[in-house]
1. Out of Ser418, Ser462, I need the residue that is modelled with pLDDT of 80 or more and not hydrophobic (A, V, I, L, M, F, W, C). Which one?
2. Test Ile211 against the stated conditions and say whether it is among the aliphatic types (A, V, I, L, M) and more than 22 Å from Ser175 (Cα to Cα).
3. With Phe10, Phe18, Phe41 as the choices, which residue is touching a Pro at 6+ places or on another chain (Cβ under 9 Å) and over 30 Å from Trp247 (Cα atoms)?
4. Being over 18 Å from the mean Cα position of the chain (by Cα), under 27 Å from Lys431 (Cα atoms) and open to solvent by less than 40 Å² (accessible area, probe 1.4 Å) narrows it down to one of Leu259, Leu272, Leu245, so name that one.
5. Among the candidates Leu91, Leu133, Leu154, Leu162, single out the residue that is touching a Lys or Arg at 6+ places or on another chain (Cβ under 6 Å) and either touching a residue at least 60 places away in the same chain (Cβ under 8 Å) or part of a helix (DSSP H, G or I) (or both).
6. Which condition from (1) buried (at least 17 other Cβ atoms within 10 Å of the Cβ); (2) touching a Lys or Arg at 6+ places or on another chain (Cβ under 8 Å); (3) closer than 30 Å to Val268 by Cβ is the one that Thr20 breaks?
7. Modelled with pLDDT of 85 or more, part of a loop (DSSP other than H, G, I, E, B), touching a helix residue (DSSP H, G or I) at 6+ places or on another chain (Cβ under 9 Å) and open to solvent by 40 Å² or more (accessible area, probe 1.4 Å): is that true of Val305 in this structure?
8. Is one or more of the residues making up region 478-489 in a helix (DSSP H, G or I), under 21 Å from Val150 (Cβ atoms) and in contact (Cβ under 8 Å) with a residue 24 or more places away in the chain?
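The values are calculated or read from the model by the stated rules, or taken from the named source; none is laboratory data. Quantities reported herein were computed from a predicted structural model and do not represent experimental measurements. Using ideal geometry, Cβ is built from the backbone for each residue, glycine included, and neighbour counts are taken over all protein chains shown. To get the accessible areas, we keep the full protein, side chains included, count just its heavy atoms, and leave off ligands, DNA and RNA. Shrake-Rupley method; radii C 1.70, N 1.55, O 1.52, S 1.80 Å.
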Amino acid sequence: MGDYDEDTAFLGQTGPYFWTAFFLLNTVFVSTGFNGLYIVFVGATPKHSCLIPDVNLTEAWREAIIPVTLVDGEEVQSQCSRYRLDVVRNLSAEGYVPGRDVNLTELGQEGCLDGWSYSKEIYQSNIVTEWDLVCDNQWKVPFASSTLFVGYLLGSLVSGQLSDRFGRKKVVFFSLAAQCVSVTLQSFSHSWRMFCIMFLFVGASQISIYISAFVLGTEVLSKTMRVIFTTLGAFLFYCIGYMTLPWIAYSIREWRTLLAVLAATSVVYIPLWWFIPESPRWLITQGRVEEAEAIVRDAARKNKVEAPAVIFKESEAMPPTKTYSMLDVLKSQNIRCITLMCLILWMAINIGYFGLSLNTSNLSGDPFMNCFLSAAAEVPAYVVSTCLLRKCPRRALLSSFLFIGGGLLLLIQFIPNSLQNLALALVMTGKFGFTMAFSIVYIYTAEIYPTVLRNVGMGMCSSAARIGSITAPYVIYLGTYNKILPYILMGSLTIASSVVNFFLPETLNRDLPETVDQMQECQGLCSGLKKKKYVETGERENPTLHHETKSDVQSLTA
């Protein structure tokens, strides 16, 4: 077939058809926003201490039976131990007064043999309080969080193949249904293991929704609308869902009810099946040209333009092209070096982004407001990054925001406990920097790789990102030993990645490389050889052409 954009140019760049598809597809991303990070509340650890059974103890001994320990310079009650109940019961029966007649530090201690007592000040119940995921079992919370990201990894590998075979639209709605079923079943989990298994399916279905809807939007929308969709639309509507999550959780403090409500929101997408079209581009690749023409003619009717008698013209068959794989990435030392640095970048950025996102319930202050602020910090980041990417060098831009985000996290260790609001402001500013880096690295990486290796390169980087997100919950888990340790680790890793980024080539005002040879010629910084292709060949760069070409590349970053 001929060029799709040329064949459908009569539709124009905007119109009721494109705007309707734009908003309907973007509403799908709202569900990924509030279904992605509910583990922040469902897996939060409330204040707790050993449960003291109903035995004959004086009020003084009932208050003194929990040992006091020093944590971060503050005296707090122990959460995992108590003084031996049989000894305390005998001392209480004999009339001894704790602290006056008995030196408490000389008493033996034991674990929480009768379970734990949890504060219900913030959460009525969640998986921590229901299955006692504290003390020796507290590792199960980050493990549960990581299963979501393992699902992301599996879903990103499978969804592309499914959408190529069965169609973008079918995979979007099938994934919405799978997400609804998975979250619903998760709300009925009778054990931590079942919760984790269902969380795996939640992650797989959610990333499948995001990728399939993203690809569908880039293929259905016009070139102008596609740029808005890929740079702002999908991200901002995700933020809307993310910002909605804490208020839903604030209204529903019981975790099973919360998940049931979140699952039920997927039902509102059922009517969209009759309004969101299938991708005409995909239909053409499947030989279903008549169905593709019917969709385009309906678009022409809605946009009030006249369609030609024959929309898609036949053209000469293209000669077969070579298929590239990950082995081709490993053959060249230059590409190996660039790929290694890109993998480090993606992994570090994802550890920082998801680490800060998952850590909002551990910050001082109201966890619901903290989560909302964390989500709200992403909105200006996406807007600003979109504006800066038009004219600013990618390498300097990405390194700057990585350095800002990492540097602010390293400063947190010097903030005194009396200035927790300042620490919170630094965390939110750091989240802004990580979100900026998150949005820039997608475009930057797509511009580095040549067309023949772009999908392979982006796929490898996406896999590294999933590994980083799987690691993020365990980085936050280090906060149980020292609350500033996660910030030191994330900050150091991010600053190191900002230095690594300086060795990547600049792509601003450069034509997208088409072949491996072009990439090797223009990407010389990695090997220390500055191969100035455009200067040596005398080619003039065309910034306008370059900008238009790169706006299309964002459809490949999914």
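1. Values: Ser418 fails: modelled with pLDDT of 80 or more.
Residue meeting the stated conditions: Ser462.
2. Values: among the aliphatic types (A, V, I, L, M): yes; more than 22 Å from Ser175 (Cα to Cα): no.
No, not satisfied.
3. Values: Phe18 fails: touching a Pro at 6+ places or on another chain (Cβ under 9 Å); Phe41 fails: over 30 Å from Trp247 (Cα atoms).
None of the others qualify; the one that does is Phe10.
4. Details: Leu272 fails: under 27 Å from Lys431 (Cα atoms); Leu245 fails: over 18 Å from the mean Cα position of the chain (by Cα).
After applying the criteria, what remains is Leu259.
5. On the way: Leu91 fails: touching a Lys or Arg at 6+ places or on another chain (Cβ under 6 Å); Leu154 fails: touching a Lys or Arg at 6+ places or on another chain (Cβ under 6 Å); Leu162 fails: touching a Lys or Arg at 6+ places or on another chain (Cβ under 6 Å).
After applying the criteria, what remains is Leu133.
6. Condition not satisfied by Thr20: (1).
7. On the way: modelled with pLDDT of 85 or more: yes; part of a loop (DSSP other than H, G, I, E, B): yes; touching a helix residue (DSSP H, G or I) at 6+ places or on another chain (Cβ under 9 Å): yes; open to solvent by 40 Å² or more (accessible area, probe 1.4 Å): yes.
Criteria met by Val305.
8. For region 478-489, residues in a helix (DSSP H, G or I), under 21 Å from Val150 (Cβ atoms) and in contact (Cβ under 8 Å) with a residue 24 or more places away in the chain: present.
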